[in-house]
């Protein structure tokens, strides 16, 4: 298994935010974390990335324990993180933002993501390559944030709420990018509120409630209206 999280716990002060979260993501797989706001989905991604220090539990990348590593070390090992707040360098151009994210692949097993490859996939960014990132629309900034993380050539991509607040046309473009990422062999752990997008992208899902994973299974079970999965999804 490429990424494994086992019995992960984390606190914000005295608040016990993550309570024994366990999940896994394999190469070329898109897995979705589902649940209402405030149940610990975003914190799970931050804890994997080292941005929220776990109080106990394990995070392993290709069998290597990384739960005590710094975020920049985790990034170098092959995990990329796309936050929900679309952090771009506003005073730099689109092209400069992409160049800031470039990193050679950890392994040479698959073709590298380069700026040119990004421009082929996303002609919208090519058209705006000389434009200051801070002047892009919110949706374009989201696309740029994903692209900048992708040229870092991660083996696992953590993506937090990529379609939140976006127009339908931009949502379709974000979905296209994530489908292409999966097809390239990169694993994706996706936090997503929109079930339609989750159904489009993910093969498996974990449902969280009150800091715990309360259901896990294939997306087909959710699509088919599996009673147990829907009970947990509606209860979160």
Inset, instruction - Specify the inter-centroid distance of the range 100-149 and the range 1-40, based on alpha-carbon positions, in whole Å. - result: 27
Legend entry - Packing-based exposure ordering (other Cβ within 10 Å, fewest first) of 12, 206: 12, 206
Legend entry - Among [x] 54, 49, 33; [y] 55, 40, 30; [z] 48, 37, 36, the entry that matches Cα extents along the principal axes in Å as calculated here: [z]
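Given R₀ = 30 Å, FRET efficiency for residue 196-residue 135 by Cβ-Cβ distance, to 0.05? Intermediate results must be reported in sequence, preceding the final value.
Working: r = 30 Å, r/R0 = 1.01.
Calculated value: 0.50.
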Legend entry - Order of 215, 72 - criterion: other Cβ atoms within 10 Å of each residue's Cβ, fewest first: 72, 215
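Of all the C-alpha pairs in the range 1-79, what % are more than 18 Å from each other?
Working: 1127 of 3081 pairs.
Counting pairs separated by more than 18 Å, the tail of P(r) holds 37 percent.
So what is the relative contact order of the chain, in percent, for Cα pairs below 8 Å that sit 6 or more residues apart? Write down the numbers at each step before the final one.
On the way: 471 pairs, mean separation 66.1, N = 236.
The value is 28 percent.
According to the Kirkwood expression over distinct Cα-Cα pairs, how big is the hydrodynamic radius of the range 115-195, in Å? Display every interim value, and only then the final one.
Numbers: mean 1/r = 0.0766 Å⁻¹.
Final number for the Kirkwood radius of the range 115-195 is 13.1 Å.
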Legend entry - Size of the range 41-154 as Cα extents on the principal axes (Å, biggest first): 46, 31, 20
Inset, instruction - For residue 114 paired with residue 220, estimate the spin-label separation in nm (one decimal), with each label point 7 Å from Cα along the Cα-to-Cβ line. - result: 3.9
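None of the figures in this text is laboratory data; all of them are computed from the coordinates on show. This structure is a prediction, so every number in the text was calculated from the model and none was measured. Every residue, glycine as well, gets a Cβ built from its backbone with ideal geometry; the counts of neighbours run over all protein chains shown.
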